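None of the figures in this text is laboratory data; all of them are computed from the coordinates on show. Quantities reported herein were computed from a predicted structural model and do not represent experimental measurements. Positions of Cβ are generated from backbone atoms using ideal geometry, with glycine treated the same way; all protein chains shown enter the neighbour counts.
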Amino acid sequence: MNYHNITKDDMLNGDGIRVVLWVAGCGHHCPGCQNPETWDPNGGIPFDDAAMAEIMEELSKDYVTGLTLSGGDPLYPGNRETVRNILQAVKKRFPKKNVWVYTGYTWDQLMQIVGSNRDFPWDIPDILSYTDVLVDGRYEQDKRDVSLPWRGSSNQRLIDVSGLLEKERRSEIK
């Protein structure tokens with residue numbers, strides 16, 4: 001996986017003060033996208049141990065709320081395995097920090113992918129298990145709304161993934 005930037009002390013891409021990893025690779029190609037330079041999965045630079053160390057160092061700061069993955073699309077098929085590994089390491093070391101993931105996929109599309117890819121442990125189910133908030137849906141230029149917090153168009157949703165998964169676990173126990 002390649003990435004374009006690691007933003008520190010960000011307050012625009014999720015609640016609180018965050019570290020943002022801007023990944024390369026997106027197949028949605030939304031008209032009016034703010035980051036079309038991130039569409040090419042071969043753009044940017046390879047994500048390596050130094051990049052991971054930089055993220056971990058920033059997350060170790062008490063005032064940092066969590067990590068946001070954006071781009072590009074963190075759930076672009078070529079990014080999923082590395083994204084899963086990043087999130088697993090972050091949640092293991094910083095269980096109280098939250099993770100936000102921006103994706104052009106909708107929640108329903110992801111649930112269809114989950115249903116068809118159960119044999120791939122690094123895929124969507126694991127990524128979602130490490131995600132606290134998912135900002136879903138393609139950017140739609142005709143629905144642009146700058147008054148909405150943390151999203152660019154009114155079709156995009158803020159989904160409390162950790163809350164949904166916890167509710168699902170409780171219902172399975174009953």
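Sorted from longest to shortest, the spans of the Cα atoms of the chain along the three principal axes equal 47, 38, 34 Å. Taking other Cβ atoms within 10 Å as a rough exposure proxy, 113, 159, 45, 127 sort from fewest to most as 45, 113, 159, 127. For segment 23-112, applying the loop criterion from DSSP together with a ceiling of 10 other beta carbons within 10 Å to the trypsin sites (Lys or Arg not before Pro) yields 96.
Suppose only helical runs count, i.e. DSSP H with n ≥ 4. What mean residue ellipticity at 222 nm does that imply for the chain under -39500 (n - 2.57) per run, divided by all residues and rounded to the nearest 500 deg cm²/dmol? Working shown, then result.
Details: 5 runs with 54 residues, N = 174.
Roughly -9500 deg cm²/dmol at 222 nm, from the helical runs in the chain.
Cross-link check: pairs 8/97; 8/96; 8/92; 96/143; 97/143; 61/92 evaluated at a Cα-Cα cut-off of 26 Å; pairs beyond the cut-off: 96/143; 97/143. Under 13 Å of direct C-alpha separation, and excluding same-chain neighbours fewer than eight residues apart, residue 91 reaches these aspartates and glutamates: 126, 132.
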